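The values are calculated or read from the model by the stated rules, or taken from the named source; none is laboratory data. Quantities reported herein were computed from a predicted structural model and do not represent experimental measurements. Cβ coordinates were reconstructed from backbone atoms using ideal geometry, including for glycine residues, and neighbour counts include every protein chain displayed.
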Amino acid sequence: MLTFSACNDDDGVDADKPRITSVNFVTGVDAKAGEVMEVRASFTDDENLSEAYFEIHENFDGHKHGKANTKFEASEIISLDGTQDEKTIEFSVPTTAAAGPYHLEISVLDKAGNRSDVKVLPFNITQDGQPVFVNLNETMNISSKDFTIDFTVTDDIDLAEIIYELYEHTSNGEIEITDGDIDLDGSDDTSFKFNQNFSAPEGADELEFIVRVTDSDGNLTVGEVEIEVQP
Ligand SMILES: [Ca+2]
Ligand SMILES: [Ca+2]
């Protein structure tokens with residue numbers, strides 16, 4: 001069986017998609033507003049690379065727009081050459097970029113017009129003025145069905161809203177147990193003490209608590225607590 005080949009060399013058409021071989025957040029996955037974020041990515045194609053596409057967009061989960069700060073968006077197209085190439089790209093994050101979770105999307109095109117799958121990479125933009133969690137334990141072990149989550153969240157100027165969700169991890173994925181929304185209507189809410197009782201469903205062994213706190217400047221800070229239920 002030597003006669004068959006999977007190559008398209010006969011007709012000269014490049015039908016194989018290019019690939020992204022590595023992506024590295026050179027300056028870390030926390031990018032500070034007002035600073036430069038650097039990303040290095042490597043690409044490969046069987047015949048000839050053409051260009052790479054980088055896009056940044058927010059991942060605030062439907063959160064409303066802020067006032068002083070705005071959600072950062074950017075995109076760049078970079079020319080590539082050969083069958084392997086590596087580029088370092090810089091994004092200047094404005095000082096008014098809202099702190100919160102973002103996505104970097106990357107895809108690559110070869111000279112024949114084949115596009116790679118899109119890689120989606122999470123990162124955060126941070127701000128000195130974003131809400132800060134105090135005493136939020138990221139892991140908890142509970143031995144009874146009923147338990148309490150308590151922590152404090154502070155802000156330099158004003159907290160606006162606290163949204164929380166409690167999930168159960170099951171073999172069929174995540175099931176929401178409960179959620180809540182606390183509006184802080186004052187104009188100088190610089191500290192809030194969260195203290196709530198919850199109940200684990202019968203038979204649950206792993207829960208997750210996610211809390212999203214927005215300040216009145218539009219910054220979002222996300223906290224997570226992994227909760228192990230002891231048998
Ligand atoms: Ca190709
Ligand atoms: Ca603030």
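Annotations
- Residues that are hydroxyl-bearing (Ser, Thr, Tyr) and closer than 23 Å to Val211 by Cβ within region 90-138 comprise Tyr102, Thr126, listed in sequence order.
Yes/no per residue for (1) part of a strand (DSSP E or B); (2) at pLDDT 95 or above; (3) more than 16 Å from ligand 2 (Cβ to nearest atom); (4) of a type in the set (Phe, Trp, Tyr):
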residue	(1), (2), (3), (4)
Phe54	yes, yes, yes, yes
Asp61	no, no, yes, no
Asp81	no, yes, yes, no
Pro101	yes, yes, yes, no
Ile106	yes, yes, yes, no
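- Scope region 14-47; condition assigned to a loop (DSSP other than H, G, I, E, B) and within 15 Å of the chain's Cα centre (by Cα); matching residues: Gly28, Val29
- Within region 169-190, tally of residues that are polar (S, T, N, Q), over 16 Å from Ile227 (Cα atoms) and surrounded by 11 or more Cβ atoms within 10 Å (Cβ to Cβ): 1
- Meets criteria (of a type outside the set (Gly, Ala, Ser) and either in contact with a helix residue (DSSP H, G or I) (Cβ under 9 Å, 6 or more places away or on another chain) or within 16 Å of ligand 2 (Cβ to nearest atom) (or both)) for Asp128: yes
- Hits in region 110-146 (condition: within 16 Å of ligand 1 (Cβ to nearest atom) and acidic (Asp, Glu)): Asp110, Asp117
- Thr126 falls short of the stated requirement of being of a type in the set (Val, Ile, Thr) and over 17 Å from the mean Cα position of the chain (by Cα).
- Of all residue pairs spaced 6 or more apart or on separate chains, those with beta-carbon atoms under 8 Å, a first member in region 125-144 that is acidic (Asp, Glu) and a second member that is in a loop (DSSP other than H, G, I, E, B) are Asp128/Asp156.
- Residue check, Lys32 within 16 Å of ligand 2 (Cβ to nearest atom) and modelled with pLDDT of 95 or more: yes
- Residue identified as of a type outside the set (Lys, Arg), at pLDDT below 95 and either away from ligand 2 (no atom under 16 Å from the Cβ) or in a strand (DSSP E or B) (or both) among Gly186, Gly218, Gly203, Gly223: Gly203
- Residues located in region 88-99, provided they are aliphatic (A, V, I, L, M) and in a loop (DSSP other than H, G, I, E, B): Val93, Ala98, Ala99
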